[in-house]
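Where a number appears in this text, it was derived from the coordinates with a stated rule and is not lab data. Bear in mind the structure is a predicted one, so any value in this text is a computation, not a measurement. Cβ placement follows ideal geometry from the backbone for every residue including glycine, while neighbour counts extend to all protein chains displayed.
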Amino acid sequence: ACKTAHDLPAGELHSYEDRSVFTEKRRPGTKALTVVNEYSSGKNSNLPLDVKVQCMHCDHPACVSACIVGAFSKEENGSVIWDTDKCIGCRYCMAACPFQVPAFEYDKAINPSIMKCDFCFNRTKEGKLPACVAICPVEALTYGTRTELVKIARERIKRNPDKYVDHIFGEYEVGGTAWMYLSSKDFSELDFPKLGTNPAPGVSESIQHGIFAYFVPPVSLYALLGGIMWISKHRKELDEEGKL
């Protein structure tokens, strides 16, 4: 559904019944804006856990603040989108993203671009559901306002304490995200990054401002932005140790 909605090459529907793809953990890329990985069962269940991976659409997106040409924007409906006509291929957004999601079309010699999930921005503008939500046969995905979804998530955890861990991933991580998760297993066991609650742009913006104040060369800036994830994680570790 995602590939069809974004005009990406897609196989026949029956080909997606082949579960051999779950032998390796995958990441979103230029050919697949969202992927699903499989993990061992959570508490009180023998069924494997399937985890969807895509852009988290942060409330305070680091990619938006890191982009020096304003190609990225945060829309009112929560989508983080980008303008390919503005993109210059600097890839600062890739270095800034705490979830390491934006992908670059390295295989394109002419006019390569950044690719990532856009929350089906064009569909939602028309009042439609994101393609992945609309097609999900078991309603594992829910779409709505962030306030509504947090309320629903908390109610589910309260009603089913034996089914879910008491954690809504994305409620507070890096200042909050539009995509949020419930799980029957600790998120650290599902390859979710351990992040603090401070928005990542706090670091990337200070670095970006240095471009204009001190004329930092692009190569040097890219290296600095690449340290955002390390800095964020390090601050979190110090905070947990009571050193901040």
Cα-based Rg / Dmax (Å) for segment 144-186: 10.0, 28
R0 of 22 Å, Cβ-Cβ distance Lys108-Tyr172: FRET efficiency to nearest 0.05: 0.05
Zone residues, segment 174-203, relative to Lys43, backbone N less than 17 Å from point 7 Å out along Cα-to-Cβ: 182-190
In nm, spacing of pseudo-spin labels at Arg154 and Val21 (7 Å Cα→C-beta vector): 3.6 nm
Distance in nm between pseudo-label sites at Thr147 and Lys52 (7 Å out along the Cβ direction from Cα): 2.4 nm
Of Lys128/Lys163; Lys31/Lys194; Lys25/Lys158; Lys52/Lys74; Lys74/Lys163, those spanning more than 25 Å from alpha-carbon to alpha-carbon: Lys128/Lys163; Lys31/Lys194; Lys25/Lys158; Lys74/Lys163
Sum of side-chain charges, Val53 neighbourhood, beta-carbon under 10 Å (Lys, Arg +1; Asp, Glu -1): +3
Segment Glu189-Thr84, extension gain: residue separation times 0.36 nm, minus the distance between their alpha carbons: 34.3 nm
Using distinct alpha-carbon pairs, which all enter the 1/r mean, Kirkwood radius of segment 1-70 in Å: 14.8 Å
